[in-house]
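Notes follow the structure.
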Amino acid sequence: AASGFVTGISDTSPDSLVGIATFYGIGNGWNSSTEGKLNHGLSKVNKNEMLKSVNALFADGGTSPQKGLEHAYSELQKAEDGNKKYVILFSDGDVMGAVLDRNGEPSDSNDKTETEASAVKLKEAGYTVITVGLGLNNETATWLGEKVASAGCAFTADTAEELNKIFQNIQSTITQSR
């Protein structure tokens with residue numbers, strides 16, 4: 001779905017600036033943590049480079065969305081044009097339950113609060129925050145929709161087909177509203 005999104009943007013809006021930041025777990029067991037990484041800085045769409053970045057993504061361990069949102073904010077602050085700005089937060093599981101300690105609690109109790117704060121910061125800067133969740137539980141889907149996404153910009157999917165349709169609709173909306 002993300003590859004299709006990149007291909008669609010490169011075909012319909014090749015002058016758009018696009019970047020990729022991730023948030024994922026590293027390590028395992030009690031030594032695991034979650035880090036954010038800027039995989040591809042905000043730049044004009046280079047389909048081949050971006051597809052390499054997308055194809056290198058994988059799901060592994062913890063989920064701390066704020067770490068990806070912080071990179072998005074930093075990159076968007078550098079873009080000094082009059083175009084609308086969008087952040088797409090894509091998560092493939094239970095945001096708060098991805099890494100558990102012995103009591104079944106999230107490994108970092110600040111993830112939820114910090115993610116909400118990062119989303120507010122993006123929205124206050126005038127950026128639209130879109131959330132896309134695959135296989136989320138109801139609690140996480142509701143939280144993303146009510147506390148993280150901009151109004152009307154939270155989407156969930158249970159299948160790859162649904163996910164592809166969501167990304168196609170987002171790509172179409174973004175390129176038409178430029």
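The values are calculated or read from the model by the stated rules, or taken from the named source; none is laboratory data. Bear in mind the structure is a predicted one, so any value in this text is a computation, not a measurement. For neighbour counting, all protein chains shown are included, and Cβ atoms are generated from backbone atoms with ideal geometry for every residue, glycine included. Please note that ligands, DNA and RNA were not included when accessible areas were found on the heavy atoms of the full protein model with its side chains. Shrake-Rupley method; radii C 1.70, N 1.55, O 1.52, S 1.80 Å.
State the number of residues belonging to the stretch 136-150 that are farther than 22 Å from Glu70 by Cβ, touching an Asp or Glu at 6+ places or on another chain (Cβ under 6 Å) and surrounded by 16 or more Cβ atoms within 10 Å (Cβ to Cβ).
Result for the stretch 136-150: 0.
Name the one entry in Thr63, Thr34 that is modelled with pLDDT under 85, assigned to a strand (DSSP E or B), over 20 Å from Ile9 (Cβ atoms) and among the polar types (S, T, N, Q).
Thr34
May I ask you to say which residue of Asp92, Asp15 is modelled with pLDDT under 80, open to solvent by 70 Å² or more (accessible area, probe 1.4 Å) and touching a strand residue (DSSP E or B) at 6+ places or on another chain (Cβ under 7 Å)?
Sole residue among the options that is modelled with pLDDT under 80, open to solvent by 70 Å² or more (accessible area, probe 1.4 Å) and touching a strand residue (DSSP E or B) at 6+ places or on another chain (Cβ under 7 Å): Asp92.
Does Gly133 qualify as being touching a Phe, Trp or Tyr at 6+ places or on another chain (Cβ under 8 Å) and open to solvent by less than 50 Å² (accessible area, probe 1.4 Å)? Outline the logic, then answer.
Details: touching a Phe, Trp or Tyr at 6+ places or on another chain (Cβ under 8 Å): yes; open to solvent by less than 50 Å² (accessible area, probe 1.4 Å): yes.
Judged against the criteria, Gly133 is a match.
Restricted to the stretch 105-128, and to residues that are basic (Lys, Arg) and modelled with pLDDT of 90 or more, which residue is least open to solvent (accessible area, probe 1.4 Å)?
It comes out as Lys123.
Only residues that are within 17 Å of Lys84 (Cα to Cα), in a helix (DSSP H, G or I) and not β-branched (Val, Ile, Thr): list them for the stretch 163-178, please.
Within the stretch 163-178, Asn169, Gln171, Ser172, Gln176 meet the criteria.
Please state which of the following conditions Leu51 fails to meet, knowing it meets all the rest: (1) surrounded by fewer than 18 Cβ atoms within 10 Å (Cβ to Cβ); (2) modelled with pLDDT of 85 or more; (3) part of a strand (DSSP E or B).
(3)
Among the residues of the stretch 147-162, write down those that are more than 13 Å from Lys123 (Cβ to Cβ), of a type in the set (D, E, K, R) and assigned to a helix (DSSP H, G or I).
Glu161, Glu162
For the stretch 151-178, give me each residue that is surrounded by fewer than 18 Cβ atoms within 10 Å (Cβ to Cβ) and either within 13 Å of the chain's Cα centre (by Cα) or farther than 28 Å from Pro14 by Cβ (or both).
Scanning the stretch 151-178 gives Ala151, Asp158, Thr159.
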